[in-house]
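Engineer: Below are the structure tokens for one structure; questions will follow.
Every number here is computed from the coordinates shown, using simple stated rules; none is lab data. Just so you know, these numbers come straight off a predicted model, no measurement behind them. We place every Cβ from the backbone using ideal geometry, glycine too, and count neighbours over all the protein chains shown.
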Amino acid sequence: MSKSSEFGFTLIEAVVAVAIFGILLGGVIGLYSVLTRSVKAGREQTQLASLASNYLEIIRNLPYSQVGTAFGNPHGILPDQTSPIQITIASTLYKIYYEVTYIDDPADGTIVAGTDSAPDDYKQVKMDILNTVTGITRSFLTNVTPKGLEGIINAGALSIKVFNASGQPISGASVHIANTLVNPNIILDRTTDASGNWIEIGLPASVNGYHIVVTKNGYSTDQTYPISGQNPNPTKPDATIVNGMVTQVSFSIDLLSNLTIKTLDSTCHALSGVGVNVAGSKLIGTNPNVLKYNVNSTSVAGQIVLNNLEWDAYTPTLLTGQNLMILGTSPIQQINLLPGTSATYSMILGTQTTNSLLVIVKDASTGNALEGAVVHLQKGGSTPQDYYGTTGGSIWTQNNWTGGSGQTNFLNPTQYFTDDGNIDINSAPTGVRLNKISGRYVLSGQLVSSTFDTGGASDFSTITWQPTSQNPSAILKFQIASNNDNTTWNFLGPDGTNATYYTVSGSNIAPINDNHRYVRYEAFLSTTDDKQTPVLTSLGINYVSGCFTPGQTSFGDLTAGNNYNLDVSLSGYQTTTISSLDINGNQSLQVLLSP
């Protein structure tokens, strides 16, 4: 018994001893690993310090005129990223390269203010050392100053400003500058500052030699263009640099947008294989005009999807030779594509006839398409004929709110659903304003419309309002909500979220609202000056139910000639008459009706 106990106790002691030894061994191994990493990191720092010291010293010993890179500005003998110095130390390959820029010291004036005629005060050198094993790059900076007078006098400067569609500066935009006409060539990549600016100093003189391309991730591209046979007169030619002068070039970029073009027959069925030309309105050259965007596409399953488009006014037209003609479009004639949005454009097509007339009827004061206008086309001569049409499409208009709030559904056209108590609807002339208290306007207010029933699933095209221009301190903006249950109201802006607002009259309504029956709008009024208020006197929402086209009707199989008279009438508007109308080919005519 005694021996057995002694044997068991000895076995436990052995197990405990082994465990303790394992813990101690693990600690030793961990300590060794930490020491190894520490030694390795220290060796890396030593190697980097040695490389930095040696290769920065090379810069300091160079003549000032040679401090530059092979293809950069300023030009010099230092290697850039395309052809780095390669050094192997302890089986590790290091790559060393430089970037050199001119620095304008604000102490003696600035080039922007025009108070410094020699802005290239000194050069800043950035040296990068890349460890190709770890992929880590370490950067080192040093400044190099000239002896005596400020730097180079036989050079010029390039001042670049980048802004968006609203004129706001774009920071972080990529600026690519290239000139292959000078020797050595110049290839530069820069980034705009917080004010959307970049100034490149010390560029050699060159006539129309500097090609500049500006863009940003998710944004459109703007650039200069070379003079060529296809574009002999660019609107923004490649930049010219003159010694002792500053050349200023501005660029406009903004968020990219998407456009879907539907090709449909008169019963709203998709038409595939339809060739369509889509042309923007922006020019990159004149005399002759050269469009920035001009593309031919073919519809697939009744759609042409164009992604990553720049904001512009786009006009789709049918390519010739397809035996088709346009019976109407939605929106009318062209699409005004805003930055960072998606829009849909529908082309209603029919079999082509030799002579046809598309009549577009609009309100003369608001520009809104008018539904239900009676269009009478009368042909004289030996075989007189009468043609009648009614403009299709629809518009919901409200221009009176004096009936006040409390109306859920849009039955009385002078009422609305609710407001926040900061809205005035009784002052003359009739409209919506901010409340005035003790002679001062409140700073903000909101109004929600009654529910408008379109009668069925509808596509919503544009929102318009009057007046389109407000005092600079007064802001008028809108959101739209639509549904099929007349219950769920999510007010959204042009990008399909509740974070944006319709701020420009005539804006395209976000496609997320399509295929819905019920619609409301919410008006947001605000001011930064309590003596000023935004004013809303009229609002219209264009929509299409089925395949009708807003404010349009078409006449086909006409006989060519100038013996046509056209009458357009609509209740509440003056009748417009056009005599001796000449019809020859497929034409369109816009008619404006006055109340």
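Engineer: If you wrap region 394-469's Cα atoms in a convex hull and average its projection over all directions, what's the area in nm²?
Structural biologist: 6.2
Engineer: For region 317-395, with equal point scatterers placed on the C-alpha atoms only and solvent neglected, what are the log10 I(q)/I(0) values from the Debye formula at q = 0.17, 0.18 1/Å, to two decimals?
Structural biologist: Values, matching the q order: -0.89, -0.97.
Engineer: Between region 477-547 and region 206-232, what is the separation of their alpha carbon centroids in Å?
Structural biologist: Each part reduced to its Cα centre gives a spacing of 38 Å.
Engineer: Once Rh is set to the Kirkwood radius over Cα pairs, what Stokes-Einstein translational diffusion coefficient, in µm²/s, holds for region 156-252 at a temperature of 25 °C and a viscosity of 0.890 mPa s?
Structural biologist: 180
Engineer: So what are the radius of gyration and Dmax for the Cα set of region 227-280, in Å?
Structural biologist: That works out to 21.1, 67 Å for Rg and Dmax.
Engineer: Then there is this: Over region 256-352, what is the percentage of antiparallel beta bridges among all DSSP beta bridges, to the nearest 5?
Structural biologist: In region 256-352, DSSP labels about 75 percent of beta bridges as antiparallel.
Engineer: To the nearest 20 debye, what charge dipole does region 408-546 have about its Cα centre, counting +1 at the Cβ of each Lys and Arg and -1 at the Cβ of each Asp and Glu? Write out the running numbers ahead of the final one.
Structural biologist: Numbers: 7 positive and 11 negative charges, 71 e Å.
It works out to roughly 340 debye.
Engineer: At a Förster distance of 56 Å, what's the computed FRET efficiency of N486 paired with K126, Cβ-Cβ distance as r, to 0.05?
Structural biologist: Once the sixth-power term is evaluated, E becomes 0.35.
Engineer: Can you give the log10 of the normalised intensity I(q)/I(0) at q = 0.19 Å⁻¹, computed with Debye over equal Cα scatterers of region 396-545?
Structural biologist: -1.15
Engineer: Tell me, what is the FRET efficiency for A301 and N258 to the nearest 0.05, using R0 = 22 angstrom and their Cβ-Cβ distance as r? Numbers along the way, then the final one.
Structural biologist: Working: r = 17 Å, r/R0 = 0.77.
That gives a FRET efficiency of 0.85.
Engineer: Taking 0.36 nm per residue of sequence separation and subtracting the Cα-Cα distance, how much length would be gained by fully extending the chain between S427 and A560, in nm to one decimal?
Structural biologist: Value of the extension gain: 42.5 nm.
Engineer: In which sequence would V375, V249 go, from the one with the fewest C-beta neighbours within 10 Å to the one with the most?
Structural biologist: V249, V375
Engineer: So if each residue of separation counts as 0.36 nm, and I subtract the Cα-Cα distance between T180 and S166, what length gain in nm does that give?
Structural biologist: Gain in length upon complete extension: 1.7 nm.
Engineer: If you line up the Cα atoms of region 486-595 on their principal axes, what length do they span on each, largest first, in Å?
Structural biologist: Principal axes ranked by extent give 57, 38, 24 Å for the Cα atoms.
Engineer: Expressed in nm to one decimal, what extension gain is obtained for the pair A90 and I437 from 0.36 nm per residue of sequence separation less their Cα-Cα distance?
Structural biologist: Computed gain between A90 and I437 is 117.0 nm.
Engineer: Let me ask something else about it. Of all the C-alpha pairs in region 256-352, what % are more than 20 Å from each other?
Structural biologist: Within region 256-352, distances greater than 20 Å cover 34 percent of Cα pairs.
Engineer: Taking amide H positions as placed in the peptide plane 1.01 Å from N, state which residues far from T549 in sequence (5 or more) or on other chains have amide H under 5 Å from it.
Structural biologist: So T549 has HN proximity to G392, G393.
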